[in-house]
Amino acid sequence: MILSRALLKRHTVLPGFDLALGFALLYISLIVLIPLSAAFLKTFTMTWQQFLDATTTPRVMASYRLTFGASFLAASLNAVFGLLIAWMLVRYNFPGKRIVDALVDLPFALPTAVAGIALTAIWAQNGTLGQWLPFKVSFTPIGVWVALVFIGLPFVVRTVQPVLEDVNRELEEVAATLGANRWQTFSRVVFPIVAPALLTGFALAFARALGEYGSVIFIAGNMPMISEITPLLIITKLEQYDYAGATAIAVVMLVTSFVLLLIINALQAWARRRQGGIA
Amino acid sequence: MLTSVSRRQLMGAAGALALPSLAAAQQSQSLLNVSYDVSREFYKDFNLAFAAHWKKTTGQDVTLNQSHGGSSRQARSVADGLEADVITMNQHNDIDILHTRGGLVPANWATRLPNNASPTTSITVILVRKGNPKNIRDWSDLGRAGLQVIIPNPKTSGNGRYTYLAAWGAGVKGGASDAAAKALVTRIFANVPVLDGGGRGATTTFAQRNLGDALVTFESEAPLITREFGDGFELVYPSRTILAENPVSVVDRVVDRRGTRRLAEAYLQYLYTPEGQEIAAKHHLRPRNAQVLARHAKQFPKVSTFTVDEVFGGWTKAQQEHFNDGGHYDQVILAAKGR
Amino acid sequence: MNTATVAQGPAAAAVRPRSLRAATTEAPWVRRTVIGLGLAFMTLFLFIPLVTVFYEALKKGWDVYLAAIVEPDALSAIKLTLIAAAISVPLNLAFGLAAAWSIAKFEFRGKNVLLTLIDLPFSVSPVIAGLIYVLVFGLQGWFGAWLIDNDMKVIFALPGIVLATVFVTVPFIARELIPLMQAQGIEQEEAARVLGAGGWQIFWRVTLPNVKWALLYGVILCNARAMGEFGAVSVVSGHIRGQTNTMPLHIEIVYNEYQFAAAFAVASLLALLALVTLVLKYIVEQRVKGQKREAHDRAE
């Protein structure tokens, strides 16, 4: 009753709003909001100077560079190949297509720690693939990037696929009759349609990669200033019994994730509106 | 490690008496030992022996549970409420923290048991490839250009911290100044290609990934490595090295609440008995008992050792000056990596 | 994958001249390159890791593999993982349904905020996810002392593990249901209401049957993630052997004892679960697509 009156924008005959929203809000508060606030409250026990000390030392900044940088690069590669793979799955037929389609979700379903040790073994200097490479992958930032590519792939493919499937082929035919070649048709007709979804998928893969720990920690070299990811620094702070410092770094990551998510959701709403749906 | 017989009998007893699992006044028949990472194999054997011993002397069955992990993480967990009846670590400050954060143990915990509350010790040694092709003999060799040394991350690993302090302390004990000792440590860390989270991770990197010319770890780890990875390795004892004491303590707040003080104290006492010391020696932990040590003299060659107290003024001071953010280690690693 | 769009029926396609059809597809060499690149990428990044898990698990033979799985600590880890998932998934199911109902069937202020909140656990680092529960329920935290005095254990025991697992899997079911329910609209529910159905009747008889496949899909994914969670559970677990180690934690422990084949053996169980999840998901997805297309058609 209270919720309906306060929040509903449009009269409805359907029942259950208060119950459903009430339960959802209670659940989200108990499970997500209140525990997260514990991190913020702990951070507030620090002075501003202490907060800056904990979160802006060269070492922490280097970890931000690595975490954000590797995540960005991984999401970018996933954007390119994700689009390619989505195209392949939607437009072409080839033997084993169903297996490939199913396999795209593997990183989603496989536990992070398992992925971590498998990837480390493969890319080590004496590993299945690592032995063929003239440069090191495991225990370097490249290794971190490889792990992040692994876990981010499904996001792009699965976000782009439905949109690509929905593309009206007539548009492409019209472009062809007007004299466009395949590449022009793709870049000027098809790509703009899938661009919002691609952007969303990229942003999702990026957000996921930022927080990733289990699959990265085995393959990263953990060298300060070089191959240390930010979640590891949170652990390091805890090792020194510096809970406030740990939550300070955690808060920086949380705020960044939150902002990213807001952007993603705004993007999705914009994309939906653009395609004539309701936001 | 749970013994299945005792567990069944425990269930039977509990069922028959229909008692709630953890009433404060009732004597509990289980004990949780929170320990550091590489003590797992040792406690597997020790717990079997202790359970048998307890049964023989008191007629009671007991369930012994183990938890292992990085030493600081384990100490933190206990401080955060993990109900450890006893805590068995490899650094004194990891038990000190239980006093400063929540008063789980009294300030004088280290005086309650012999040998600074450390029934066993180990030392830091160097493991090299068979035949010692790079001719590594001592700490200074580890700092040679072109070598690769595997050391776990001192920020997250007690093993790694001991290595750092061993290299530093060996220099100081050999007459070098602090600055010179720091320079050597910097050179050594410049040769470290990857910092694993713990001692075991570092060993995997060295022995399985075949990365590095040398691994610096506890003496107690070496035979395990040989057993698991074959004998492609050799042990090198430096001229002098650090003595890693393994302090143990009853966690007073927990045992008083659970009524397990008698059991917990007996458990720790058993570590000092000849039987307990024999098991330690079997797992390549240096026993304190002179006779047992003498019996295993071949396993434990005499090495000149120093303690953290001697050279660094105790673990708390060492942690603060060296390993906390902004301390010497941070400077070392930054300089080592040329940043 | 169906490449026909709504506007063209099979009949139309049959009469379209070949030259036009060729205009909407790429040259064969382009096609082959794209497929080649795509497959190479997937092999490199996905297929090889999967195969590695099984290869390493079986490297020392079947005996070692089976021994690793029936070992007491492994069995209790499997049991704990199953229990944690069995509690977390239904909880998130209830939440997902409630959230989807309110978001998809009503217009209200703050809907975007709620959506963002639901998505938030998705991008929070597992390390942080575990840490916050320690801050709330740990001895040094808000409720720790009270819990100890009242002989209750949350972290370092099953409740804490469940909480951490619930946290990281909150979004899964909700995110599956919301788009579908939004696409399906409210006409059917409104019609039922007009015909005199009560709230629960509408829900059980109209809404749920329409989303049953998406629901199943969400549950399957939620379960897979719940069983495989490592980072957050690692922080709140206490690592008591035989008691508070889930399968991913057990894998780490065994790996740290240099028993690599055994570690990969248990890991292969989780990989098998992942594969089963994928198969189930594929079956379900075909039906979801069917439902979405129906809704799309109806909306037009």
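The values are calculated or read from the model by the stated rules, or taken from the named source; none is laboratory data. Not measured: the values here are computed from a predicted model. Ideal geometry is used to build each Cβ from the backbone, glycine not excepted, and the neighbour counts take in all protein chains shown. Remember, those area values only see protein heavy atoms, side chains included, never the ligands or the DNA or RNA. Shrake-Rupley method; radii C 1.70, N 1.55, O 1.52, S 1.80 Å.
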> With (1) open to solvent by 10 Å² or more (accessible area, probe 1.4 Å); (2) part of a helix (DSSP H, G or I); (3) free of Cβ contacts under 8 Å to residues at least 12 places away in the same chain as the list, and A:Thr236 as the residue in question, which single condition is left unmet?
Replying inline: (1)
> Hey, does region C:136-149 have a residue that's facing another protein chain (nearest Cβ under 10 Å), in contact (Cβ under 8 Å) with a residue 60 or more places away in the chain, open to solvent by less than 40 Å² (accessible area, probe 1.4 Å) and within 27 Å of the chain's Cα centre (by Cα)?
Replying inline: no
>> Could you tell me how many of the residues in region C:86-122 are small (Gly, Ala, Ser), within 20 Å of the chain's Cα centre (by Cα) and either buried (at least 23 other Cβ atoms within 10 Å of the Cβ) or within 10 Å of chain A (Cβ to nearest Cβ) (or both)?
In response: 6
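This table checks each residue for (1) in contact (Cβ under 8 Å) with a residue 40 or more places away in the chain; (2) touching an Asp or Glu at 6+ places or on another chain (Cβ under 9 Å); (3) of a type in the set (Val, Ile, Thr).
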residue: A:Ala62; (1), (2), (3): yes, yes, no
residue: A:Trp87; (1), (2), (3): yes, no, no
residue: A:Asp105; (1), (2), (3): yes, no, no
residue: A:Pro111; (1), (2), (3): yes, yes, no
residue: A:Pro134; (1), (2), (3): no, no, no
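Yes or no, residue by residue, for (1) acidic (Asp, Glu); (2) open to solvent by less than 50 Å² (accessible area, probe 1.4 Å); (3) within 21 Å of the chain's Cα centre (by Cα); (4) at pLDDT below 90:
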position: B:Met89; (1), (2), (3), (4): no, yes, yes, no
position: B:Leu98; (1), (2), (3), (4): no, yes, yes, no
position: B:Thr111; (1), (2), (3), (4): no, no, yes, no
position: B:Thr124; (1), (2), (3), (4): no, yes, yes, no
position: B:Asn132; (1), (2), (3), (4): no, yes, no, no
>> I need every pair where a residue in region C:189-204 that is within 17 Å of C:Ala295 (Cβ to Cβ) has its Cβ under 7 Å from the Cβ of a residue that is open to solvent by less than 30 Å² (accessible area, probe 1.4 Å) and hydroxyl-bearing (Ser, Thr, Tyr), sequence separation at least 6 or different chains.
In response: C:Glu189/C:Thr207
> When region A:190-219 is examined, which residues are found to be at pLDDT 85 or above and farther than 18 Å from A:Asp105 by Cα?
Replying inline: A:Val190, A:Phe191
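Each row is one residue, and each column tells you yes or no for (1) within 14 Å of another protein chain (Cβ to nearest Cβ); (2) within 23 Å of B:Asn93 (Cα to Cα); (3) at pLDDT 95 or above.
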residue	(1), (2), (3)
B:Gly230	yes, no, no
B:Glu234	no, no, no
B:Asn246	no, yes, no
B:Arg257	yes, no, no
> Is it the case that region B:173-180 has a residue that's within 14 Å of another protein chain (Cβ to nearest Cβ) and either at pLDDT 90 or above or open to solvent by less than 10 Å² (accessible area, probe 1.4 Å) (or both)?
Replying inline: no
> Is it true that some residue in region C:241-250 is within 9 Å of chain A (Cβ to nearest Cβ) and charged (D, E, K, R)?
Replying inline: no
> Is region C:53-69 home to any residue that is at pLDDT 85 or above, of a type in the set (A, V, I, L, M) and closer than 26 Å to A:Leu77 by Cβ?
Replying inline: yes
> Can you spot a residue in region C:223-231 that is within 8 Å of chain A (Cβ to nearest Cβ), assigned to a helix (DSSP H, G or I) and open to solvent by 10 Å² or more (accessible area, probe 1.4 Å)?
Replying inline: yes
>> Just to be sure I understand, how many residues within region A:127-174 are in a loop (DSSP other than H, G, I, E, B), within 14 Å of chain B (Cβ to nearest Cβ) and of a type in the set (Val, Ile, Thr)?
In response: 3
>> Suppose we filter C:Ala145, C:Ala183 for residues that are of a type outside the set (Phe, Trp, Tyr), in contact with a helix residue (DSSP H, G or I) (Cβ under 8 Å, 6 or more places away or on another chain) and assigned to a helix (DSSP H, G or I); which single one remains?
In response: C:Ala183
> Exactly one of (1) modelled with pLDDT under 90; (2) surrounded by fewer than 20 Cβ atoms within 10 Å (Cβ to Cβ); (3) under 14 Å from A:Gly152 (Cβ atoms) is unmet by A:Tyr92. Its number?
Replying inline: (3)
>> Can you list residue pairs whose Cβ atoms sit under 6 Å apart, with the first residue in region C:40-51 being at the interface with chain A (Cβ under 7 Å from one of its Cβ atoms) and the second being small (Gly, Ala, Ser) and in a helix (DSSP H, G or I)? Count only pairs 6 or more apart in sequence or on different chains.
In response: C:Pro49/A:Ala118
>> Which of the numbered conditions does B:Thr260 fail, given that it passes all the others? Conditions: (1) of a type in the set (Val, Ile, Thr); (2) open to solvent by 20 Å² or more (accessible area, probe 1.4 Å); (3) farther than 22 Å from B:Gly160 by Cα.
In response: (2)
>> Just to be sure I understand the filter: pairs with C-beta atoms under 8 Å, separated by 6 or more residues or on different chains, first member in region A:48-59 and away from chain B (no Cβ under 13 Å), second member assigned to a helix (DSSP H, G or I). Which pairs pass?
In response: A:Phe51/A:Thr43; A:Phe51/A:Ala248
>> Quick check on A:Ala266: is it at pLDDT below 80 and in a helix (DSSP H, G or I)?
In response: yes
> Does region B:133-145 contain any residue that is within 14 Å of chain C (Cβ to nearest Cβ), touching a strand residue (DSSP E or B) at 6+ places or on another chain (Cβ under 6 Å) and under 18 Å from B:Pro238 (Cβ atoms)?
Replying inline: no
>> I'd like to check something: does region C:94-117 contain any residue that is touching a Lys or Arg at 6+ places or on another chain (Cβ under 7 Å) and in contact (Cβ under 8 Å) with a residue 24 or more places away in the chain?
In response: yes
> What single numbered condition from (1) over 19 Å from B:Ala222 (Cβ atoms); (2) modelled with pLDDT under 90; (3) not aromatic (Phe, Trp, Tyr) fails to hold for B:Gln269?
Replying inline: (2)
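For C:Val34, are the conditions met, namely being modelled with pLDDT under 90, part of a helix (DSSP H, G or I), farther than 22 Å from A:Val157 by Cα and open to solvent by less than 30 Å² (accessible area, probe 1.4 Å)?
It is false that C:Val34 is modelled with pLDDT under 90, part of a helix (DSSP H, G or I), farther than 22 Å from A:Val157 by Cα and open to solvent by less than 30 Å² (accessible area, probe 1.4 Å).
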>> For region A:204-231, which positions are open to solvent by less than 10 Å² (accessible area, probe 1.4 Å) and either under 17 Å from B:Gly326 (Cα atoms) or of a type outside the set (Gly, Ala, Ser) (or both)?
In response: A:Leu210, A:Glu212, A:Val216, A:Ile219, A:Asn222, A:Met223, A:Pro224, A:Glu228, A:Ile229, A:Thr230, A:Pro231
> For region B:78-177, which helices (runs of 4 or more DSSP H) that fit wholly inside it have 3 or more residues that are at negative phi?
Replying inline: B:93-100, B:139-142, B:158-173
> Consider A:Ala118 against the criteria (1) open to solvent by less than 30 Å² (accessible area, probe 1.4 Å); (2) more than 7 Å from chain C (Cβ to nearest Cβ): it satisfies all of them except one. Which criterion is unmet?
Replying inline: (2)
